[in-house]
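The values are calculated or read from the model by the stated rules, or taken from the named source; none is laboratory data. Remember, it's a predicted structure, so these values are computed and weren't measured experimentally. Don't worry about glycine lacking a Cβ; one is built from the backbone with ideal geometry, like all the others, and counts go over all protein chains shown. Surface areas here come from the heavy atoms of the whole protein model, side chains and all, with no ligands, DNA or RNA. Shrake-Rupley method; radii C 1.70, N 1.55, O 1.52, S 1.80 Å.
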Amino acid sequence: MNWPKSDADHLIASTAQMRSFENNLINRGMPVEALMEKVGQKLKDWFLERPELLLNGVLILVGPGHNGGDGLVLARELFLENIDVSIWCPLPITQSLTRRHQAYSHWLGIKELHEEPNVYCKTLWIDALFGLGQTRPLPEKIANLLKGREEKQPRRLISIDVPSGICSDTGKTFSNVAATASYTLTIGLNKQGLIQDIAIPYVGELIRLDIGIPQKVLKKDKQINFFKLAGDDLFSIPWPEPSSISSKYQRGRLLVVAGSDKYKGAALLALQGALASGVGSIKALLPQKMADNIWQVSPEIVVSGILGNSIDGESEIGEAILKHKLDRLDSLLIGPGLALANEKWSDIACQLEKFPGLLVLDADALNRLAFSTESWEWINKREGPTWLTPHLQEFYRLFPNLKDLSPLDAAPKAAKMTGANVLLKGAHSLIASPSGVRWQLVSTSSCAARAGLGDVLAGFVAGVGAIGFSIGGAMNDELLALAALLHAEAAKSCKKGSKASSIALALEKLVRHIQCPECVQRNI
Ligand SMILES: NC(=O)C1=CN([C@@H]2O[C@H](COP(=O)(O)OP(=O)(O)OC[C@H]3O[C@@H](n4cnc5c(N)ncnc54)[C@H](OP(=O)(O)O)[C@@H]3O)[C@@H](O)[C@H]2O)[C@@H](O)CC1
Ligand SMILES: Nc1ncnc2c1ncn2[C@@H]1O[C@H](COP(=O)(O)OP(=O)(O)O)[C@@H](O)[C@H]1O
Ligand SMILES: [K+]
C-alpha cells in the first residue's frame, strides 16, 4: 500500500490505537504534563486565530479526566490573553493532573460557575467534558443541558477531541444525546468514530490538531490499515499511466451493461462516468431505444449488443452477455439502471466466473445477485478481480448476515468473505480491500447525494479499473479508493445543485488536470 502516506494526517485510529500511541510516547519519556501542555497550546492557537468565536466570551465545561485537563489548560491560556473565560466543573475531578490545573486556574482567578450554565447565553461553550474515556451514557443532568443548549443556541459549542456522548470507535451516541458541535478539535489523530456518517451531525467540522506524534511511533503499529482521503490527496494520486506508445486497446477496454426502459438515463450517466476516466475503448450493451440514440450524444461509444426487454421495462442481460467476447476486455461493468428482471444469475454465472478481467457490480446487478440462489458466495468463484459499489441498502441486501454490523466493520468483512474490493457509498464513503486495508473519504459535499451520481461513479470506477488492469493485470487495491476520491472531489467542485451529467464533465476535467495540468490551463 503506497497511497496515501502512512502519516498522522492520514491515519484513522481506534481508541485503543490512540491510547497505545500516547502510552508509547509516555513510556519513552514524554511527560504527560508536557503532552497536555502541547495540546493546550495548539488549542489556544486555533482559537486565537478565530477571534470572532471569542467575542461573547468562553465557557469551558470541564470533565473529570484528561479531556477536562485539556480544557483547563486552554482556559488558562485564553485567560492570560485577556479573553473573558469561565469554567464549570459539574463532576468531581478524578485525574490528579486535571486537579492541579483546576487548582492553578482557581488561584489565577478564572471565574468558576457553581450553578448550571444558562443554555440561552451567547457565550461560546467549549466541551471538555469527556473524550476518549467514554464508555457509557452521559449523566442525565449533562445530557439535558447539552440537549437544551442545542435547542436554544444551535451549534454554539466546540468539542475538544470527541463530542461528549459520542463513542470514538463507532461514532454512535451512547444514549441518543450528545454535544452538537460546530467544530470538533481532535487531538493527534483522527478517531474512526468521528468520521462515520452517523457522527457527522454531532461532530460538525472535524479539525485535527497535530501534536507531533513521531513517525517512528506510528510505523511500529502493524495494525495501521485505515486511511483518510481528502482533496489534498489528489496531488499525490497514483494515477495509472499507460505507456506513451500504447494503442486505444492497450489503454483499457471496458464493456458497460446498463440501462432499461424503466431507467433510461442511467446508462448514459454510467457511460459519461466511463468517458471521464479516459479509458481507451468503451463498448456497451444497451436496451434498443438507447442503442438507437446513443451515437447522437456520445459518438465515442460502440454499441456491441442489445439487451432484452421484459414487459415491465426491465433489462434482460443474459443473452447479450453470453454472446459477447469477454476475453477481449479489461473491465466489465454490470448494473446501473437495469432494474430487477426475472432472470437467473446462473445464466451468466459461469461466463462471469471465467472472465479474467475486472468485474464491477453496481446497483441492480448487486440486487440480482442478492436475490439469486448463488448470493454473495458466488463472488468467491471469480477468477479475476471484483469490485462492488453498493450504497448501504444494497450492501445489506447482498450481505444480510452482516446487517448487525456497522458499515465500518461490515465492509471489510464483506471484502474478506468475497475477495472483492468494496466501495460502500455514503456521505463519507468507505473503501475496503480483502487485505484488510480501508480508506474513507472525509471532506465530501452533500450535493453529491443526487440521483444519478452513483451511475456516474460506477462508470468511472470501471473505466479507471480497466486502465489499471490493462497496465498491470493485478489490480492495486488503492485504485478503487482513488477513483472514489476523484468522483467526490468533482462533485464538490460543482455548484450546489449541479446535476449528475455536469458533475461527470467536472470529473473529466479533473482527470485531465491530474494527467496534464497544462492542458487544462490551455483549455485543450
Ligand atoms: N492520555 C494522555 O496522555 C492524553 C490525553 N489527552 C486528552 O485526554 C482525554 C482522555 O482522557 P481520559 O482517559 O482521562 O478520559 P476522559 O474522556 O477525559 O474522561 C474519563 C473520565 O470521565 C469519566 N466518565 C466517562 N464517561 C462518563 C459518563 N458518561 N459519566 C460520568 N463519568 C464519565 C470516567 O469515569 P470512569 O468511566 O473511569 O468511571 C473518567 O473519570 C483525551 O480525549 C484527550 O482529550 C490528550 O491531552 C493527549 C494526552
Ligand atoms: N450526504 C452525502 N454527502 C456526500 N456524498 C453523498 C451523500 N450521500 C450520498 N453521497 C454520494 O452520492 C452518490 C450517490 O450514489 P447512489 O446512492 O448510488 O445514487 P444513484 O443510484 O441515484 O446514482 C455516492 O457517490 C455517495 O457516496
Ligand atoms: K469533549
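In the stretch 52-74, of all residues being more than 14 Å from ligand 1 (Cβ to nearest atom) and out of contact with any Asp or Glu (no Cβ under 6 Å at 6 or more places or on another chain), the one that is most open to solvent (accessible area, probe 1.4 Å) corresponds to LEU55.
Contact annotation: residue pairs with Cβ atoms under 8 Å, 6 or more positions apart or on different chains, pairing a residue in the stretch 66-87 that is among the basic types (Lys, Arg) with a partner that is away from ligand 3 (no atom under 12 Å from the Cβ) and open to solvent by less than 20 Å² (accessible area, probe 1.4 Å), are ARG76/GLY40; ARG76/SER105; ARG76/ILE110. If we keep just the residues of the stretch 94-134 that are assigned to a loop (DSSP other than H, G, I, E, B) and in contact with a His (Cβ under 9 Å, 6 or more places away or on another chain), which is nearest to ligand 3 (Cβ to nearest atom)? Within the stretch 94-134, the match that is nearest to ligand 3 (Cβ to nearest atom) is GLY131. Checked against the criteria, ARG100 does not count as of a type outside the set (A, V, I, L, M), more than 15 Å from ligand 1 (Cβ to nearest atom) and modelled with pLDDT of 95 or more. Restricting attention to the stretch 359-379 and to residues that are among the aliphatic types (A, V, I, L, M) and in contact with a Ser or Thr (Cβ under 9 Å, 6 or more places away or on another chain), the residue that is surrounded by the most Cβ atoms within 10 Å (Cβ to Cβ) turns out to be VAL360. May I ask you to verify whether ALA370 is farther than 24 Å from ALA483 by Cα and not in a loop (DSSP other than H, G, I, E, B)? Considered against the rule, which asks whether it is farther than 24 Å from ALA483 by Cα and not in a loop (DSSP other than H, G, I, E, B), ALA370 comes out as yes. Within the stretch 29-49, if we keep just the residues that are in contact (Cβ under 8 Å) with a residue 60 or more places away in the chain and away from ligand 3 (no atom under 16 Å from the Cβ), the residue that is surrounded by the fewest Cβ atoms within 10 Å (Cβ to Cβ) turns out to be GLU33.
Taking the stretch 238-248 as the range and being in a loop (DSSP other than H, G, I, E, B) and not β-branched (Val, Ile, Thr) as the test, the residues that pass are PRO238, TRP239, PRO240, GLU241, PRO242, SER243, SER244, SER246, SER247. I'd like the residue in the stretch 284-311 that is closer than 26 Å to ASN342 by Cβ and charged (D, E, K, R) and, out of all such residues, is least open to solvent (accessible area, probe 1.4 Å). Applying the filter and picking the extreme gives ASP292. Taken over the stretch 380-422, the residue count meeting the criterion of being in contact with a Pro (Cβ under 8 Å, 6 or more places away or on another chain) and open to solvent by less than 40 Å² (accessible area, probe 1.4 Å) is 8. ILE93 meets the stated requirement of being more than 16 Å from ligand 2 (Cβ to nearest atom) and in contact with a Pro (Cβ under 6 Å, 6 or more places away or on another chain). Looking for something among the basic types (Lys, Arg), assigned to a helix (DSSP H, G or I) and under 26 Å from the mean Cα position of the chain (by Cα) - is there at least one such residue anywhere in the stretch 373-394? No: zero hits. Listed by position, the helices (runs of 4 or more DSSP H) inside the stretch 410-521 whose residues that are within 11 Å of ligand 2 (Cβ to nearest atom) and assigned by TED's automatic domain parsing to the domain that holds GLY384 number at least 1 are 453-472, 478-493, 500-515.
Within the set LYS216, LYS222, the sole residue that is part of a helix (DSSP H, G or I) and surrounded by fewer than 16 Cβ atoms within 10 Å (Cβ to Cβ) turns out to be LYS216. Residue pairs whose Cβ atoms lie under 9 Å apart, separated by 6 or more positions or on different chains, with the first residue in the stretch 245-257 and within 28 Å of SER315 (Cα to Cα) and the second among the β-branched types (Val, Ile, Thr) and part of a loop (DSSP other than H, G, I, E, B), are GLY252/VAL279; ARG253/VAL279; LEU254/VAL279; VAL256/ILE301; VAL257/ILE317. It is to be established whether one or more residues within the stretch 13-20 are away from ligand 2 (no atom under 16 Å from the Cβ) and within 17 Å of the chain's Cα centre (by Cα). Checking the stretch 13-20: at least one residue is away from ligand 2 (no atom under 16 Å from the Cβ) and within 17 Å of the chain's Cα centre (by Cα).
Could you say which residue among ILE200, ILE207 is hydrophobic (A, V, I, L, M, F, W, C), in the same structural domain as LYS42 (by TED's automatic domain parsing), within 14 Å of ligand 2 (Cβ to nearest atom) and over 30 Å from ALA466 (Cβ atoms)?
Exactly one residue qualifies, and that residue is ILE200.
Only a single item in (1) in contact with a helix residue (DSSP H, G or I) (Cβ under 8 Å, 6 or more places away or on another chain); (2) more than 16 Å from ligand 3 (Cβ to nearest atom) is not met by GLN215, and it is number (1). For the stretch 248-273, residues that are closer than 15 Å to SER470 by Cα and open to solvent by less than 50 Å² (accessible area, probe 1.4 Å) total 3.
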